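Input: a single structure, listed below in structure tokens.
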Amino acid sequence: MDFKPSINEKFLEIFYKEIECDVPDTNSKLNLHILKIENNLFCYDELVRQLQNHFISFSLSRKEILDFEKDQRRGELYVSAASKFRNYNVNDGEAGELLLFCFLEAHLKAPKILTKLEIKLSSNDYAKGSDGIHLLELGPKNYQLIFGESKLEQSLTTSISHAFKSIHDFLTRKKNNIHDEIGLINSQLCKEAFDEDLYQFLKSVIMPKASDADPIVKNNAFAIFAGFEIDPTKEEKRLSNDKFLALIKAKIKAEVESKMNHIKKKIEEYELFSYTFYVYVFPFMKLDETRKEIIKKITRAEE
């Protein structure tokens with residue numbers, strides 16, 4: 001079945017790939033992508049341009065996009081996708097959700113089934129549950145349903161802690177839990193599947209039948225986007241470009257590597273040994289300002 005990501009590896013060309021490794025004694029993979037640096041600053045304009053290319057696939061279902069394109073309503077398509085985002089002034093999390101979507105599609109090659117944003121009726125809706133759901137094929141008839149959790153905090157430790165707490169709550173609370181979410185995906189599939197074959201395929205993976213002669217194996221997994229702030233000193237900002245780049249990359253890498261144990265600790269604390277975690281760590285300069293600016297520019301607010 002031809003169910004592919006909407007974003008290819010070109011998206012990753014604006015990042016330094018610093019870490020891609022397993023977290024020892026867990027089923028976790030840690031990834032650190034650092035946005036390209038020029039003149040001692042992150043290239044946020046390039047990031048915004050890339051995100052502008054992909055936010056429609058994040059905001060709207062495949063079927064909606066197809067319907068707009070069939071009728072050649074491309075301007076309406078952009079407006080409809082932009083209207084799903086909350087106002088950038090109060091928007092603390094959706095930049096992280098969008099970045100996680102892009103990394104899961106371009107890096108992990110796990111196509112989106114559903115995002116929280118696309119089922120919002122208006123920009124003020126709040127949906128509990130995961131930020132997005134993706135499907136990863138591990139092998140023939142072997143899949144992971146990946147639930148996304150994005151957290152942007154000043155400190156990386158806090159981002160990771162809050163993400164694992166949210167996942168634990170999602171697995172254990174009585175309402176709006178993982179089982180309700182799987183039911184929701186099932187009910188929304190007709191929006192994501194633009195033909196009957198794709199619909200039947202997704203249905204068979206999300207709710208596999210153990211009684212089949214050659215059953216599909218599906219396990220649930222989680223993807224975490226942990227955004228955090230780095231704040232170079234005045235002295236560091238005055239360094240030559242090559243020295244600044246080497247220093248800042250080394251500092252970020254050391255900071256992220258030092259959190260391996262914290263990830264392990266959280267998995268032990270919440271007894272999440274049976275789940276795979278794909279952790280994407282992402283440093284920002286001026287986090288609060290930048291996450292709002294990204295949404296403002298993507299949605300072309302105040303133009």
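The values are calculated or read from the model by the stated rules, or taken from the named source; none is laboratory data. Worth saying up front: this structure is predicted, and the values here are computed from it rather than measured. Heads up, the Cβs are rebuilt from the backbone with ideal geometry, glycines too, and the neighbour counts pull from every protein chain shown.
Numbers for the structure displayed
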quantity	calculated
Enumeration of residues in region 7-18 that are crowded, with 18+ Cβ neighbours inside 10 Å and either in contact with an Asp or Glu (Cβ under 9 Å, 6 or more places away or on another chain) or more than 24 Å from Glu94 (Cβ to Cβ) (or both)	Ile7, Phe11
Every pair of residues 6+ apart whose Cβ atoms lie under 7 Å, when the first sits in region 30-50 and is of a type in the set (A, V, I, L, M) and part of a helix (DSSP H, G or I) while the second is modelled with pLDDT of 95 or more and surrounded by 17 or more Cβ atoms within 10 Å (Cβ to Cβ)	Leu47/Leu35
Subset of region 127-150 [in a strand (DSSP E or B), of a type in the set (Asp, Glu) and closer than 24 Å to Ser59 by Cβ]	Glu149
Condition broken by Ile216, with the remaining ones in (1) surrounded by fewer than 21 Cβ atoms within 10 Å (Cβ to Cβ); (2) within 22 Å of Ile267 (Cα to Cα) satisfied	(2)
Any chance Ser204 is within 26 Å of Cys102 (Cβ to Cβ), touching an Asp or Glu at 6+ places or on another chain (Cβ under 9 Å) and without any contact (Cβ under 8 Å) to a residue 24 or more places away in the chain	no
Any hit, region 268-276, residues being surrounded by 18 or more Cβ atoms within 10 Å (Cβ to Cβ), in contact (Cβ under 8 Å) with a residue 24 or more places away in the chain, under 17 Å from Ser159 (Cα atoms) and of a type outside the set (S, T, N, Q)	no
Any hit, region 183-203, residues being touching a strand residue (DSSP E or B) at 6+ places or on another chain (Cβ under 6 Å), at pLDDT 90 or above and either surrounded by 19 or more Cβ atoms within 10 Å (Cβ to Cβ) or within 23 Å of Lys259 (Cβ to Cβ) (or both)	no
Residue count, region 224-262 (criterion: within 30 Å of Glu97 (Cβ to Cβ), acidic (Asp, Glu) and either part of a helix (DSSP H, G or I) or more than 24 Å from the chain's Cα centre (by Cα) (or both))	2
Selection status of Asn89, in a helix (DSSP H, G or I), surrounded by fewer than 19 Cβ atoms within 10 Å (Cβ to Cβ) and either at pLDDT below 85 or touching a helix residue (DSSP H, G or I) at 6+ places or on another chain (Cβ under 6 Å) (or both)	yes
Residue, farthest from Ile185 (Cα to Cα), within region 198-219, restricted to residues that are assigned to a loop (DSSP other than H, G, I, E, B) and of a type in the set (A, V, I, L, M, F, W, C)	Ala213
Test set (1) crowded, with 19+ Cβ neighbours inside 10 Å; (2) part of a helix (DSSP H, G or I) - Glu69 fails condition number	(1)
Among residues of region 3-18, those that are more than 18 Å from Cys43 (Cα to Cα) and either touching a Gly at 6+ places or on another chain (Cβ under 9 Å) or not in a helix (DSSP H, G or I) (or both), counted	6
Any hit, region 244-256, residues being at pLDDT 95 or above and touching a Ser or Thr at 6+ places or on another chain (Cβ under 7 Å)	no
